[in-house]
Structures are given as structure tokens and as C-alpha cells.
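Working notes for the structure below.
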Amino acid sequence: MCGIIGYVGGRKASEILYKGIRTLEYRGYDSVGMAIDTQKGIEVRKDKGSVDEVAAAMQFTSMDGSVGVSHSRWATHGVPCKENAHPHTDCTGKIAIVHNGVIENYQELGEALAKKGHKFSSETDSEIFAHMVEDEKKQGKDTFHAFLASLNKLKGSFAIALLAEGERRIYAARKNSPLVIGLGKGENFAASDMTAMLEHTKDFVPLGEMECAVLEPGGVKFYSLLDGKELKKTPMHVDWSPEMAEKGGYAHFMLKEIYDQKHFVYESLATDVSAANALISKSRDIHITACGTSYHAALMFKYLSSKYLGKTCDAVIASEYPFIASPDKDTLVIAISQSGETADTMKALEFAKEKGAKILALTNVVGSSITRVADEVVYLNSGPEVSVAATKTFTSQLAVVYKLLFPGNDFSEIPKIIADSLQKEVEIKKIAEMIKGKQDVFFIGRGLSVPIAMEGALKLKEISYIHAEAYPGGELKHGPLSLITEGVPVIALAPSDDSVYKMLGNIREVRARGGFVISLNNSSEIEKESNVSIKLSSVDPMLHPFAMVVPLQLLAYYVSVARGINPDRPRNLAKSVTVE
Ligand code: M6R
């Protein structure tokens, strides 16, 4: 869940790495560091704090040299502090490494190294790797073979970049953690994702599982980690522009990305899903698996399929999938993942694949891990999403889900529905002021509104730290109603569909207990019963989810800002969750 970038070329590495690691800060933001091979040897500067704070305090860009690595950390082993920040070095200081992932056997490996006299200066699992390479080199191997031999001893997951003093090279490798090689002219890059390199190149090779690369200014060579054989790779060209990953005048990436939805949903609706449709119609059973926000898109698939097509399918949280699902060769597993790197989703797919199931992946990231295990891929085409909170990729996932389920329908109304919902920004800001001081917020809905209520609650809790739960309206009386007392906010998703009168009943139940109802509706009856009402445009009931999700995203955003939180970087979370 950390961000990694490496550079080798003719320019000042520290400047390139600083810009790159700022782009990757969404992946981890508790500490930052940089190592540059300078004329005086490898210099490492690092500390706890944000990229800008640490870069300024440590004067990253005053380091001279044209090869280096940088890292932004999301702690897994050891608290965030200077010692635990990456890069880590070996005993001699001639090898520096940055790592993303979890080395599961680090204790065992560390004990063996300690017996040989190696001294460690951090509590991390990562540091041992620098010492392992040092140890292999002592036995007479060159850096490449020492790197390879050390990698083959690791259990767990890694994306690693290594710098060795005096060599104008970066050694990079991956297993279960993303690492992409960027190909430039007279310079090359390695980074956790493409956005960090877009300013310099649009030609990329995502490293495959158990592969490594040696980057020099004049070229990159790829190898299999298993046998050290050289691999031929075909670069892919990506059309994203650096501006697409910039804030473009908005206060936060999240707000920009909420606004981006009205444009990017066009792209998602234009995605060709014919091959995926063929897979869907051939399969006997469909399982949809995903985590977090993507799981809510999976639930929408399930609800829409059973409501409108009479076809039942299972939506399963990816981390639960291996424990409760029984896929076989006639099962199609649809995996939804914005990043395409989520470890829980990857594990679910590994399990499904072993059982002979076919895999259809819905992802936003070209060449991501999920695309390599899938039989068919549909790209969301939402452009890079930087904020930890998923927004535009969710509406893109929904757009693709609708296209997959209803190939003949015309969904050209969706961008306008989103644009209309964005007009509610000012009134939503006022509602955010009403709930910013509350301890609990409940979301209720029925039918297609349930996954959207769940998404609204997830968004609010993740970036405002207010406890938020979602329930089907009918479930209130089975327990949660005891929590509704004077002034407790209940956000009722009550559009005019076949559940509207039941929702009216639920709203009355809440009001009778003193609850404060904020409803999303397009009927005067619901409006009359609510304390506050957000009016939705009158659209085909099937499309209400698009109209409702945008106000809920804006609400979460403004509550977060009103509470003085940076919505782009909620505590304890990371954009791409590459650990199980
Ligand atoms: O990249 P993925 O879609 O697989 O990520 C899954 C979840 O980690 C993600 O949707 C998470 O719940 C969001 N940050 C919530 O806003």
C-alpha cells in the first residue's frame, strides 16, 4: 500500500522523484524518503510526515545525482517514524531499497542475518532485504544475481526497487504488488502506478508476477525471477494526460473527481462490452466479487439482474469468497476493482481460477494485476482516480454494470442525471453543516437504493470519521430503531419507485422517535414527511442510483471538510489495498 518510484537517466533524479512521489502519496502518507546515488555515495533522507513536509525539511531536491528511488509509506510493520521510513540500507550503506508489500518470513530471514552479524536499524519487514542482497554479494555474486537470489527467498508480497552505489541502474521486481516500468528516451522509470510517470512518458510495461527488470538510462531488460531467463515485453501506450491526475483548481482531488463524473461516465458508457456480454450469456452461474465501494457496484449487478432480468446471481465480498463460494467450470466470476490490484480480490480470483471458473474483470487500470488473471477485461475508462474515496470509478462501474446487463438499452441520459445532481452542491453544503457534529448517521433505502445507501454510509464514515450505517428500510424495526433518538440523522433514499410507500412508512417511524430525516426524493409526500429534502430529477426509476449517489458523495465530502479533515487522505486507509 506504499508508493514507490525509481529513476535512472540524465536528469536530476531528486527533482523527478519528488514530483513523482507526490503523485503517489495517496498510496501511503505516514512517512517519506528518498535515496540518491551522489558523488559521495548513496545519500538517504527520510522522516515521518507528508511528502511536502519531509521534502522541505530534508531538502530532497538539494541532492545531486541522476539515479535514485523514493517511497511514501503506509505502515504495516512498525510505527510511522524516521527509522521505519524507507529507503532502507544494508550495513555498508551501499545498497538502498524501497518496498511495498509484506515479507511474511522476515523474522526467520532476519534472525539468520543477525547471526551473521547484520545490524538492523528499523522494525520493518522491508529492511532485511537490503541486508540479504549485501549478504549474497559478500558470497561473490554481482548485484543482479544477489538481487535475484534474495527475491527467491522471500515469502509474501513485494514491489521492490533497489539502488546500488556506483551502478547507474535500478533493479525492480514484483510479486502480488504493482510495479510499472516507464520507458523514456535516455531515461527510465519504475513506479507503483503510471500516474507518477505520465509527465515523462506514456509507454509502459507493467511487471508481471515474479518478474524483475534492470533499468539503465539506455534501456530496460526484463527477467523471470524463477529461472533468471530474459523476457521479451511489448510496451503499451496509455493516453492519460498528466493534467488528468492534477487537481485542476478544485480544493481536493475528491471534489474534482466527483465533478469529473459527468464527463467520464460518457467514456464508460462508450466502452465495448460485447465480448463480456458473450461470456455472461454462456455462463450457468454468475458470482460477482469485490471489496468496499466496488462491492456496492457488485450488489447493484445482483439487484438489477434479479429485479429486471429474473436472473439470480451472487455478490460476495472478496475476502470472504474463498470461504463461502463454490465456483466450478460453469461459473463466471465477475471481479470489480478500480485499481485492479486489491489483494483480497486477487486472492478470490486465484481461488476461483483453481476451481476452473472463468473470470471477467472490470477495472480502471490498464495492465493491472487483475487483467492478467482475467479471461476478459472491461475497462472503466474513468481516468486516474487519486482520492482515497472512490467516486467517479463507482459511477463508471455502475455504467458498465448497466451496459453488461441491458446491452440493448439507451443510457445516454445518465451524464445529464449526474450533471443535474451536481447542481445540489450548495444545498448539500448546508446539510453537511447540520450533521458535522453528529456521532451517528443512518442511511436507509429499499430495492436498488440499498447498495447506494451502503455506499453513502461508507463514503461518510471513511472520510468524516462519523459512525455511519446503512440498512434496508424494513430492517429498522428489527433492531436499529432502538438507536433512533432525538436529532439522530437518518438519510432516507426514497425516490418514486415501487418502494416509495414503504419508505414513507419508514420515514414516519423515524420521525415518531425524534429522528432527523434528510430524504432524497422526487415526490411531495416524502418531502412533507422529511425534515430536509433533496429533490431528485424525475427519471426512469432504474436510473435513480445515478441521481442519488452524487449528492451522497458531495455530502460526505463537505462533512469531511467541515470537520477539518483532508478527504483525499483519510487516516488508516490507502487507495490501493495490496495487503490481505
Ligand atoms: O481498487 P478496488 O476497487 O479493488 O478497491 C476496493 C476498496 O478498497 C475501495 O473501493 C474502497 O472501499 C474505497 N476507497 C472506498 O471509497
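Within the group 499, 482, 464, which residue is closer than 27 Å to residue 388 by Cβ and either small (Gly, Ala, Ser) or more than 16 Å from the ligand (Cβ to nearest atom) (or both)?
Residue meeting the stated conditions: 464.
So which residues in segment 343-368 are small (Gly, Ala, Ser) and within 10 Å of the ligand (Cβ to nearest atom)?
Correct list: 343, 368.
Take the residues in segment 185-210 that are open to solvent by 30 Å² or more (accessible area, probe 1.4 Å) and touching a residue at least 24 places away in the same chain (Cβ under 8 Å); name whichever of them is nearest to residue 11 (Cα to Cα).
Ranking the qualifying residues of segment 185-210, first place goes to 186.
Matching residues to (1) open to solvent by 10 Å² or more (accessible area, probe 1.4 Å); (2) closer than 22 Å to residue 452 by Cβ; (3) away from the ligand (no atom under 14 Å from the Cβ):
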residue	(1), (2), (3)
264	yes, yes, yes
270	yes, no, yes
292	yes, yes, no
335	no, yes, no
341	yes, no, no
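For segment 166-214, name all the residues that are assigned to a strand (DSSP E or B) and not aliphatic (A, V, I, L, M).
Answer for segment 166-214, where residues must be assigned to a strand (DSSP E or B) and not aliphatic (A, V, I, L, M): 171, 174, 175, 176, 182, 188, 189, 203, 204, 206, 211, 212.
For the list (1) of a type in the set (S, T, N, Q); (2) more than 26 Å from the chain's Cα centre (by Cα); (3) within 30 Å of residue 304 (Cβ to Cβ), I need the number of the one condition that residue 224 fails.
So residue 224 meets the others, but not (3).
Only one of 135, 125 is in contact with a His (Cβ under 9 Å, 6 or more places away or on another chain) and touching a residue at least 40 places away in the same chain (Cβ under 8 Å); which?
125
Taking interchain pairs and intrachain pairs at least six residues apart, which have beta carbon atoms under 6 angstrom, with the first residue in segment 339-351 and within 16 Å of residue 327 (Cβ to Cβ) and the second in a helix (DSSP H, G or I) and more than 7 Å from the ligand (Cβ to nearest atom)?
346/369; 348/321; 349/373; 351/322
Give segment 287-310 a look and list any residue that's assigned to a loop (DSSP other than H, G, I, E, B) and in contact (Cβ under 8 Å) with a residue 12 or more places away in the chain, or say none.
Once the filter is applied, which keeps residues that are assigned to a loop (DSSP other than H, G, I, E, B) and in contact (Cβ under 8 Å) with a residue 12 or more places away in the chain, segment 287-310 yields 291, 309.
Are any residues in segment 526-557 out of contact with any Ser or Thr (no Cβ under 9 Å at 6 or more places or on another chain) and away from the ligand (no atom under 16 Å from the Cβ), and if so, which ones?
528, 535, 539, 540, 542, 543
Can you spot a residue in segment 366-389 that is over 25 Å from the mean Cα position of the chain (by Cα), of a type outside the set (Lys, Arg) and assigned to a loop (DSSP other than H, G, I, E, B)?
no
Would you point out which residue out of 61, 92 is part of a loop (DSSP other than H, G, I, E, B), touching a residue at least 24 places away in the same chain (Cβ under 8 Å) and not assigned by TED's automatic domain parsing to the domain that holds residue 577?
Testing whether each residue is part of a loop (DSSP other than H, G, I, E, B), touching a residue at least 24 places away in the same chain (Cβ under 8 Å) and not assigned by TED's automatic domain parsing to the domain that holds residue 577 leaves just 92.
The values are calculated or read from the model by the stated rules, or taken from the named source; none is laboratory data. All figures in this text were calculated on a predicted structure; none of them were measured in a lab. Here the Cβ is made from the backbone with ideal geometry for all residues, glycine too, and neighbour counts use every protein chain on show. When the accessible area is computed, the model is the full protein with side chains, heavy atoms only, and any ligands, DNA or RNA have been set aside. Shrake-Rupley method; radii C 1.70, N 1.55, O 1.52, S 1.80 Å.
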